[in-house]
Each structure stands twice: as structure tokens, then as C-alpha cells.
1. So what does residue 37 come to for accessible area, using a 1.4 Å probe and Å² rounded to 10?
2. Once the piece of chain linking residue 81 and residue 28 is laid out straight, how much longer is it, given 0.36 nm per residue of separation minus the C-alpha distance between them?
3. Sort 118, 66 by accessible area with a 1.4 Å probe, largest first.
4. Assuming R0 = 22 Å, can you tell me the calculated FRET efficiency for the pair residue 123 and residue 148, based on Cβ-Cβ distance, to the nearest 0.05?
5. Give me the three principal axis extents of the chain from the C-alpha atoms, as integers in angstrom, largest value leading.
6. Using a 10 angstrom Cβ neighbour count of at most 10 plus a DSSP loop assignment to flag exposed trypsin sites (Lys or Arg not before Pro), which longest range of the chain is free of such sites?
7. Per residue, how much accessible area does the chain show when a 1.4 Å probe rolls over the protein heavy atoms, in square angstrom?
8. Between residue 134 and residue 114, how high is the FRET efficiency from 1/(1 + (r/R0)^6) when r is the Cβ-Cβ distance and R₀ = 22 Å? Nearest 0.05.
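The values are calculated or read from the model by the stated rules, or taken from the named source; none is laboratory data. These numbers were taken from a predicted model, which means no experiment stands behind them. For neighbour counting, all protein chains shown are included, and Cβ atoms are generated from backbone atoms with ideal geometry for every residue, glycine included. What goes into the accessible areas is simple: the full protein's heavy atoms, side chains included, and nothing from ligands, DNA or RNA. Shrake-Rupley method; radii C 1.70, N 1.55, O 1.52, S 1.80 Å.
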Amino acid sequence: PAPPPPPSPPPLPDPRAPYLTGDLNPNHWYVYLSAMIKHIRRSRPYMAVHAGCILDRYGKAEQVWTRLMIHMSEDIGPAERNLPASIMALRQAYKELRLTNPDGARQSLIHAIVLLATARKNRVVDHMAIMMYEQPLEIFGQETLIPDDAFDYHGRVGRELGRGMEHF
């Protein structure tokens, strides 16, 4: 008879395991930050607030606010035109309240996360940032960047060309 096959190697440990145990390890704060943003992006306010509050408890509120402000432009952009003013006001309220009224400060943070999670999403700003800063500038060409009517009578070149109101 043939010898039995060798035993299968033990399964590799799941690299996510330390984060999924329920232990709130402060060394894993960046994973909570990523989770918060994923929940905001997918319009899951309760889960986003949960992750944000864990981060706040670990003293990572500044990292949360920084990421919220980036996310506001990256994933929401012009879909919610007044949102930046609201988020900035809530951030200012958080800063003013955190020493004298921690509960009020926490509510400002939660309010901001909920606004972002429930906002309409539009990634046009992020797409344009990628296109404008990560692509070679030559792809657009000078004739696209500076149209002929940009040389109007306000500038030296336009005046030399004798441009008038029709180029304004």
C-alpha cells in the first residue's frame, strides 16, 4: 500500500485577527481611522461614529479631524456645497469645548462624522486632483491651458496684439 499523504501545513494566521478580537489596542489606531473613513464612504453613520469615538478615546482626535477634512473634499466635494463650513464650525466648537465641556466636544465630533456619512458623495475633486497632480502636464497642451482670448487688453501681450473688448 502507498504511504499516507503528508499532513497539510497548518493554515497561515489571518493578519486581520488582532484587529477583530474586540480588544481595543491603541497601537492599531490607524486601522480604526481607515475603518471610519470606509464607513463614511459607504454611508454607515453608526459604524463610522463607533470607530471615530474609539479614536477620540485614544487621544487621536486631531488625526480624526484631519482625515475628516481630507475626506470631505475627496469623497463628497461639490455634492454638498455648504458642508465644509459646517465641518469647520464643528471642528472649531470641538477645539473650544474639549477642555471645558468634553461631552459637548464629543457631540461636535459625532455631528461631523454623521454629516459626512449621510452626505451625498461625489469624487470629482479627487479625480481632478489625481489628473492634475499625478499626470504629466503635457497631456493637456498649451492651447488648452491658455486659449487665445486669454490674451485680452488687460495684459501686455493682449495690448501688443491690439486686443479690445471683444476679447474680454
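1. Probe radius 1.4 Å; accessible area of residue 37 about 0 Å².
2. Values: separation 53, 0.36 × 53 = 19.08 nm, distance 3.36 nm.
Taking 0.36 nm per residue and subtracting the Cα distance, the gain is 15.7 nm.
3. Values: 118 90, 66 70 Å².
So the residues, ranked largest to smallest area, are 118, 66.
4. On the way: r = 33 Å, r/R0 = 1.48.
That gives a FRET efficiency of 0.10.
5. Taking max minus min along each principal axis of the Cα atoms, the chain gives 94, 68, 25 Å.
6. On the way: sites that count: 16, 81.
Here the longest segment lacking exposed loop sites spans 82-168.
7. Working: 11710 Å² over 168 residues.
Result: 70 Å² per residue.
8. Values: r = 32 Å, r/R0 = 1.45.
Between residue 134 and residue 114 the formula returns 0.10.
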